[in-house]
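Nothing in this text is a laboratory measurement; each read-out follows from the coordinates by a stated rule. Since the model is a prediction, treat every value here as computed from it, not as a measurement. Note that each Cβ is placed from the backbone with ideal geometry, even for glycine, and that neighbours are counted across all protein chains shown.
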């Protein structure tokens with residue numbers, strides 16, 4: 001039996017993602033790279049379709065896969081409202097077993113979420129198996145110090161204060177049907193030796209001025225530095241072509257907080273693309 005994966009992407013959290021998490025520079029960035037490196041493509045950890053649905057609107061041949069059945073259901077509903085019919089799968093990344101292979105696989109914001117280091121290594125191996133020879137993995141990675149406030153929690157004197165108190169108020173937004181959702185987040189625990197943070201999220205559903213539902217969920221976030229991921233990609237069989245500044249075309253620097261790895265499965269694709 002494999003270790004359970006600890007994520008918060010269910011229930012009201014999934015609805016928040018579907019309603020409000022719909023934009024970002026990653027969309028155009030990864031779309032351009034899919035167009036460069038080839039299709040069919042897979043949006044792995046696609047969630048409620050923040051990237052996937054714009055890809056489909058643009059006419060790209062992209063499938064979606066996510067661990068959360070709630071996220072996939074909401075993604076499908078959003079796609080169907082636009083007359084789109086994506087191929088969607090519910091699978092953990094480390095158990096990926098899809099019927100086809102891909103020229104490009106995108107993992108945006110999903111690596112290192114919820115699982116063990118061994119599961120993350122297995123995820124890279126499974127991704128490698130799902131790429132055609134010469135196929136490309138596009139993987140982003142938030143460095144442990146990307147959030148300066150959370151980074152302070154790695155220090156012993158600040159770890160002693162965890163879990164943080166819940167914020168007195170959260171972010172409240174109105175959904176399309178008039179409901180209001182209010183979200184709060186806090187750091188619950190930090191293990192710098194294992195490079196793991198446990199975060200908690202609370203979402204309240206408000207209707208006609210009354211709170212009618214509240215959910216609390218936890219998420220385990222496993223952090224990796226650049227050289228760790230380079231070693232893990234190599235162990236899975238990848239050739240790493242570039243490590244870029246997050247959502248830009250420039251090489252990563254010591255000031256980078258988000259990295260994008262462009263890694264290739266060895267072999268000759270039908271048409272060898274140039275590296276951006």
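Spin-label model, residue 91/residue 154: points 7 Å from Cα along the beta carbon direction are separated by 3.4 nm. Look at 190, 232 and count the other Cβ atoms within 10 Å of each Cβ; fewest to most, that gives 232, 190.
How high is the relative contact order of the chain, given as a whole-number percent (alpha carbon pairs under 8 Å, six or more residues apart)?
Details: 553 pairs, mean separation 51.1, N = 276.
Contact order relative to length: 19 percent.
Cβ-to-Cβ counts within 10 Å put 153, 75 in ascending order as 153, 75, the fewest first. Placing a pseudo-label 7 Å from each Cα along the Cα-to-Cβ vector at residue 145 and residue 164 gives an inter-label distance of 1.9 nm. Averaging Cα coordinates gives a centre for the stretch 28-88 and one for the stretch 6-27; these two points are 14 Å apart. Extension gain, residue 101 to residue 245, is 49.1 nm, computed as 0.36 nm per intervening residue step minus the present C-alpha separation.
Extension gain residue 117-residue 255, at 0.36 nm per residue separation less the Cα-Cα distance, in nm?
Details: separation 138, 0.36 × 138 = 49.68 nm, distance 2.55 nm.
Between residue 117 and residue 255, full extension yields 47.1 nm more.
Determine the shape class of the chain: with a ≥ b ≥ c the square roots of the Cα gyration tensor eigenvalues, call it rounded for a/c under 1.5, and otherwise prolate if a/b is greater than b/c, oblate otherwise. Judged from the Cα gyration tensor, the chain comes out oblate (a/c at least 1.5, b/c at or above a/b). Here the gap between residue 20 and residue 32, fully extended at 0.36 nm per residue and compared with their Cα-Cα distance, gives a gain of 2.0 nm. Of the residues 88, 244, 162, 193, the one with the fewest other Cβ atoms within 10 Å heads the list, and the complete ranking is 193, 162, 88, 244. Taking all Cα pairs closer than 8 Å and separated by 6 or more residues, the relative contact order of the stretch 148-221 comes to 23 percent. GNM on the chain, alpha-carbon springs under 10 angstrom: the most fluctuating residue among 90, 212, 62 is 212. Only helices enter the 222 nm calculation for the chain: every DSSP H run of n ≥ 4 contributes -39,500 (n - 2.57), and dividing by all residues gives -7500 deg cm²/dmol, rounded to 500. Between residue 173 and residue 61, the C-beta separation translates, for a Förster distance of 35 Å, into a calculated FRET efficiency of about 0.60.
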